[in-house]
1. Within chain A, which is the longest segment containing none of the trypsin sites (Lys or Arg not before Pro) that sit in a DSSP loop and have at most 14 other Cβ atoms within 10 Å?
2. Does segment A:61-113 come out rounded, prolate or oblate by the C-alpha gyration tensor, with a ≥ b ≥ c the root eigenvalues, rounded set by a/c under 1.5 and, if not, prolate when a/b is larger than b/c and oblate if not?
3. Once you mark the trypsin sites (Lys or Arg not before Pro) that are in a DSSP loop and have at most 12 other Cβ atoms within 10 Å, what is the longest gap between them in chain B?
4. Which residues does a label at A:LEU111 reach in segment A:9-25, if reach means a backbone N under 13 Å from a point 7 Å past the Cα toward the Cβ?
5. If you count, for every residue in A:36-44, the Cβ atoms of partner chains within 10 Å of its Cβ, what is the mean?
6. At what distance in nm do the modelled label points of A:LYS52 and B:ALA78 sit from each other, each positioned 7 Å from its Cα along Cα→Cβ?
7. Over chain B, what is the relative contact order in percent, taking alpha-carbon pairs closer than 8 angstrom and at least six residues apart?
8. For the protein assembly as shown: lysine pairs with Cα atoms under 23 Å, gap of 8 or more or different chains, count?
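Bear in mind these aren't lab numbers, they're just calculated from the coordinates by the rules spelled out. Quick caveat: nothing in here was measured; it's all calculated off a predicted structure. Neighbour counts are summed over all protein chains in view; Cβ atoms, including those assigned to glycine, are modelled from backbone coordinates with ideal geometry.
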Amino acid sequence: DAGVTQSPTHLIKTRGQHVTLRCSPISGHKSVSWYQQVLGQGPQFIFQYYEKEERGRGNFPDRFSARQFPNYSSELNVNALLLGDSALYLCASSQTGLAGTQYFGPGTRLLVL
Amino acid sequence: SQQGEEDPQALSIQEGENATMNCSYKTSINNLQWYRQNSGRGLVHLILIRSNEREKHSGRLRVTLDTSKKSSSLLITASRAADTASYFCATDQHNYGQNFVFGPGTRLSVLP
């Protein structure tokens, strides 16, 4: 089975722009969660969706939003990009939500200039 | 505030030696998980230990959990150069909805 896939792999944007990151979970997984990882730090939880409903939200501003589609794929949107949004964005899928094993994709590396 | 914290931040050992990393957390948890990350890419799940378990093994990995001290340890025995990576603990928490908290990680270097 294919693992979690994310697109694009790399992205360069300028301040003030908007970005959309995409994630496809492992087949059969209904939970998708998003994380931001700044260089040298651990991942920070942004959102979790289960069965297309938001089940968890980390301490991120409203510029960050996400949604999950009927096929359980997900998008993370970030508006009004700041330099500090430069990071590796990771998506993970799970069968049972945050209480179960999270399977991570390779990430999208975002650089904001 | 940082909920999960690994100790030490960096560890350098010789091949064949054992590596021990510790993790502390601050709130009640359902389970604790350990992950490995190579070169800033995706994380690989290593092991999950539930709050009612005290010790778990998987191959060369041994994880302990002490809920009274809110701490966990990861032991890698007979380390190999391929074990060089960053190791993170993560806990699922139920403060104001669901949340999944990673520590800052331990950077392990295994020298040949």
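1. Free of exposed loop sites, the longest segment is A:64-113.
2. Note, shape of segment A:61-113 comes out prolate.
3. With trypsin sites (Lys or Arg not before Pro) excluded where exposed in loops, chain B gives B:1-53 as its longest stretch.
4. Residues A:10-14 qualify, since their backbone N sits under 13 Å from the label point.
5. 5
6. A separation of 5.1 nm, rounded to one decimal place.
7. On the way: 280 pairs, mean separation 42.4, N = 112.
So the answer I get is 38 percent.
8. On the way: A:LYS30/A:LYS52; B:LYS26/B:LYS56; B:LYS26/B:LYS69; B:LYS26/B:LYS70; B:LYS56/B:LYS69; B:LYS56/B:LYS70.
So the count works out to 6.
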